[in-house]
Amino acid sequence: MRIGVPKEIKNHEYRVGLTPQSVAELTRLGHEVWVETRAGAAIGFADEDYQAAGARVAGSAAEVFEQAQLIVKVKEPLTQERARLRPEQTLFTYLHLAPDRPQTDELIASGATCIAYETVTDNHGRLPLLAPMSEVAGRMSIQAGASCLEKARGGRGVLLGGVPGVAPGKVVILGGGVVGTHALAMAVGLGADVTVLDKSMDALRRLDSLYGNRITTLYSTHGTVREQVLAADLVIGGVLIPGAAAPKLVTAEMVARMQDGAVLVDVAIDQGGCAETSRATTHAEPTYVVDNVVHYCVANMPGAVARTSTLALNNATLPFVIALAQKGTRKALEEDLHLRHGLNVAKGRLTNGSVAAAHHMDYVHLEEMLKQL
């Protein structure tokens, strides 16, 4: 199979779909890999590294899209990339379609088969291709929040860990999943006063068994969220409904009553954000202020630590890329229910019910679509 790896063009996005080591695995199996020139240069993967791994280096994204049967990316394709997709191609990348109607419409119009990393599942009901980036984003959320709390950046002037004789900052984490767990580890490590909220008692019991009286766990209701958010120095939004738009747990009224200079880091922004006042930002302009609350809503947070993120992502995605290349898209989807759950768009139709619900659109069930591939 001919596999294409274009350079990412989202603002300050330095990750790359395949590392030279991943390319070497694919070329060893007899596949042809086309990598756009300088696709990984910003994180230390030179064109020469890809060539040594057996890749062909293309001079432009247009050449990559022209050659490829399977396109492997990191972030959702932007408008100019979507225009290059063809019906016979398979796209394998993060999509996050629920909050993005224009992308949804254009991918449907392309006729391409589009498999989203974030809805691929595993035997335990987890999201193995989303998890590595959720781990990175969760850890980064505390770094970003701590920085935003500095007075020069618009924050309250609070040090999360405090100092002897001065209370630590209060961190409130909404969601005890992968993002929340990794944010919690960082916040506890800094010595912050940490409260985590979730609707899953199993998640709360797990976190309580790990940290005991070093943290507070609360069952998530509108009332408990409101109480904790109003008292917080830093709020981390880490909630997720797979494939669907994030629930708006933090209302505009809550934000208006938060402490001046408090910080909201909305890690759920890829799925529309969990605060009514959240809107996507970029690494070039990561923050904005609403009602004296600093909002950090960067939609590709892991891109800031792009080398770590690329290596972690490839560890998870490579087996699926190999399966798609070895078996072809249709057979790979037929034989792997978990990869099939990643199918969001095919043959000009939506195949994900959560995305369809978000946009009030019709969709074709996965099993029915398999017959048409």
note = Residues meeting the amide H criterion for E36 (H placed from the backbone, H to H distance under 5 Å, 5 or more places apart or on another chain) are V5, K7, A58
request  = Report in % the part of the accessible area of the chain that belongs to carbon and sulfur, leaving out ligands and nucleic acids; probe 1.4 Å.
outcome  = 50 percent
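If you count, for each residue, the other Cβ atoms within 10 Å and average over each peptide, how do 70-79, 308-317, 234-243, 201-210 line up from highest to lowest?
Details: 70-79: 22.4, 308-317: 20.1, 234-243: 25.6, 201-210: 14.4.
In decreasing order of mean packing, 70-79, 308-317, 234-243, 201-210 become 234-243, 70-79, 308-317, 201-210.
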remark   = Residue-normalised value, i.e. accessible area per residue, for the chain at 1.4 Å probe, in Å², stands at 40 Å²
Estimated vicinal HN-Hα couplings, Hz - the range 290-304 in sequence order (Karplus 6.51, -1.76, 1.60; Gly, Pro = x) = 10, 6, 6, 10, 7, 9, 10, 9, 6, 7, 10, 3, x, x, 6
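Quick check on the chain: helices-only [θ] at 222 nm, where DSSP H runs of length 4 and up contribute -39,500 (n - 2.57) each and the sum goes over total residues. Nearest 500, please. It would help to have the intermediate numbers written out before the result.
Details: 15 runs with 139 residues, N = 373.
Computed mean residue ellipticity for the chain: -10500 deg cm²/dmol.
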message = Between the range 183-199 and the range 53-104, how far is it from one alpha carbon centroid to the other, in angstrom?
response = 37 Å
query = According to the square roots a ≥ b ≥ c of the eigenvalues of the Cα gyration tensor, what is the shape class of the range 101-140, taking rounded for a/c under 1.5, prolate for a/b larger than b/c otherwise, and oblate for the remainder?
reply = oblate
message = Give me the dipole magnitude in Debye, nearest 20, for the chain about the Cα centre, with unit charges on the beta carbon: positive for Lys and Arg, negative for Asp and Glu.
response = 180 debye
query = Amide H neighbours of S220 under 5 Å, counting only residues 5+ apart in sequence or on other chains, H built in-plane at 1.01 Å?
reply = D198, K199
note = Per residue convex hull volume, Cα only, the range 178-303, in Å³ is 107 Å³
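Test of understanding: express the Cα radius of gyration of the range 137-195 as a ratio to 2.2 N^0.38 Å, with N the residue count.
Values: Rg = 11.1 Å, N = 59, 2.2 N^0.38 = 10.4 Å.
Normalised Rg, Cα atoms only: 1.07.
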inquiry  = Report, to one decimal in Å, the Kirkwood hydrodynamic radius for the chain based on all distinct Cα pairs.
reply    = 21.3 Å
Exceeding the 32 Å Cα-Cα cut-off - candidates K199/K371; K170/K248; K73/K347; K73/K331; K7/K347 = K199/K371
request  = Quick one: which residues, 5 or more positions from L350 or on another chain, have an amide H under 5 Å from its amide H? H modelled 1.01 Å from N in the peptide plane, none for Pro or chain starts.
outcome  = V364
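The values are calculated or read from the model by the stated rules, or taken from the named source; none is laboratory data. No experiment lies behind these values; they were computed from the predicted model shown. A quick note on method: Cβ atoms are made from the backbone with ideal geometry, for glycine too, and the neighbour counts reach across all protein chains shown. Side chains included, ligands, DNA and RNA excluded: accessible areas come from the protein's heavy atoms. Shrake-Rupley method; radii C 1.70, N 1.55, O 1.52, S 1.80 Å.
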